[in-house]
1. Out of curiosity, is Asp158 under 24 Å from Leu81 (Cβ atoms), in a helix (DSSP H, G or I), among the acidic types (Asp, Glu) and at pLDDT 75 or above?
2. Quick one: Glu474 ticks every box in (1) over 36 Å from the mean Cα position of the chain (by Cα); (2) modelled with pLDDT of 80 or more bar one, so which box is it?
3. Name the residue, out of Arg23, Arg38, Arg11, Arg6, that is in a helix (DSSP H, G or I), touching a Pro at 6+ places or on another chain (Cβ under 8 Å), of a type outside the set (Ser, Thr, Tyr) and within 25 Å of Ser145 (Cβ to Cβ).
4. Does Thr79 qualify as being within 26 Å of Ala274 (Cβ to Cβ), in a helix (DSSP H, G or I) and among the hydroxyl-bearing types (Ser, Thr, Tyr)?
5. Any idea which of Arg432, Arg497 is modelled with pLDDT of 85 or more, surrounded by fewer than 17 Cβ atoms within 10 Å (Cβ to Cβ) and of a type in the set (Lys, Arg)?
6. Which of (1) out of contact with any Gly (no Cβ under 7 Å at 6 or more places or on another chain); (2) at pLDDT 75 or above does Ser355 not meet, given it meets every other one?
7. Do we have Ile50 as in the same structural domain as Ala20 (by TED's automatic domain parsing), modelled with pLDDT of 90 or more and either more than 24 Å from Phe140 (Cα to Cα) or not hydroxyl-bearing (Ser, Thr, Tyr) (or both) here?
8. Those residues that are in contact with an Asp or Glu (Cβ under 9 Å, 6 or more places away or on another chain) and over 14 Å from Phe406 (Cβ atoms), I need them from region 348-371; list them, please.
Amino acid sequence: MVNETRELLRRYVQERSDEAFTRIVDLHVALVYSVALRKGAGDVHFARDISQIVFSDLARKASSFSPDIVLAGWLYRHTCLKAAESLRSQQRRRIREQVAVNMNQLSAGEGDQMKEAEAILDEAMQGLDHSDRDALVLRFFRNESLRDIGETFGISEDAAQKRIARAMERLRVLLGRKGVRCSGAALSAILTAHIASSVPAGLAATLSSAALSTMAGTAVKITIPTFLKIMASTQSKIGIGMIIAGAITTHLILQQKELNRASAENAQLRQQLAQKDREASQLASERPNADELARLQAEHRELVRLRGQVGSLLRETVEMRTASSKAAPKTNSTEEKNDAWIEGVLAGTPAQQGSAAGALRGKLLRHDGKQISFAELKLQKQLMEKSLNNTLEHSPSDFADFQSAFIEGTLGISDPTKTQQIHDAIKATYERAVAEGLDIPSKPATGTEEWVQRRHQLDRSATEAVQKMLTPDERQMFDTAFLGVMGVDLGSGGVDRSNYPPGVLGPEVSLNAEATQ
């Protein structure tokens, strides 16, 4: 959501897009309104006025914001500032007019304590540095997920959670200095209770229209509440003044009604246009998917053909290595080193085996035959003889170790965080597969159609999750090398078609025949 907000803000500043500004108001009006409502002790009229002021200021000041601003944090601070200014102004007016307001006291003072705690909470929030305050606003007032908060600050979910915990501890210390002592759990409950309040219907449209109109207008406009406050402060009792005030007030009321009517019509037209766009998009998405199916089948046939070419290249490489070894026999020392390396990998962890197999697979896909050693080819052959699907798929952890290292080595991934994310996704998939009997060792001897369909659906879901983690170049190589993340395929000898639904891999043709076409 933060990235969407920044893009909308950029469009508004650069293109003066009213639609973008309206969308910004829709996304953040609940935050602004709830803070203003709390600062105004539940006064909905006060909350509306403050919300209009805040979004009008946003429309004027948006061009001065930095590209990486956390808009929710700015809106929270600005709402608190404007609410405080308005409350001080009201207090001064009350002193000048000497108006006494009687307040009903809640039983046992609980209501007053809650209101005092709310006021102190906002004051204490202002004492935090901007990064801590922004983190708490996004988490508790905007109800953002840890993942979205991490993306906003460019950190991981764990780091985002730690930042929020530190910010809450600092806030608890600030509250203690102001005489309010509470535990971490109690503070979390208080913050959670202040998630954005529900907003009156139509408020977002009214605020966006009013804010945009202040930018487009050239004359200074005096609102009805402001004019009435001025008249009340003067306490004039001159008859002619009352007559003039009545005339001006009538004119302003009519003007305000016309503005409200135009704003409502504008909002209605925008809603109708958005509905038309959604209907058009839905119609486009509901078109017959025969073309899409044909495209997917063609891609699978191309994938099978490419895999056949990889198998042919592997055989040619083996033949060249064999001929080379016959022409120039290696020393016993070299052979002993190769054999020792192979034995070490075979006796090593699944991650070591997957990394070695992936390195060879990546060289074959990049047609880098000169970098392939005879020991790597020999290792691949021995790994294929181990029937890894029947051994690794019993253990989700072992399979995830092998497959994530295999993918990392094949694609040349150097980001350990990405590799860990791929590992976690594959492990979760195989934990579910083992639990539901969808691993290869649990494949039934007869009546496999339902088993194949369920396994394929699980495989596609996990594969799509992994594809989203890859760069475009990594995705292209992944789609060439892998049909999915479930099952070990070392790239030679094809795949077991019985583990895939009919038609998914294209027509029943030989890999060798495809490779020669």
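The values are calculated or read from the model by the stated rules, or taken from the named source; none is laboratory data. Keep in mind it's a predicted model, so treat the numbers as computed, not measured. Cβ placement follows ideal geometry from the backbone for every residue including glycine, while neighbour counts extend to all protein chains displayed.
1. No, not satisfied.
2. Result: Glu474 passes all but (1).
3. Checking each option against the conditions leaves just Arg6.
4. Working: within 26 Å of Ala274 (Cβ to Cβ): no; in a helix (DSSP H, G or I): yes; among the hydroxyl-bearing types (Ser, Thr, Tyr): yes.
So Thr79 fails the test.
5. Checking each option against the conditions leaves just Arg432.
6. (1)
7. The answer is yes for Ile50.
8. Passing the criteria: only Gly369.
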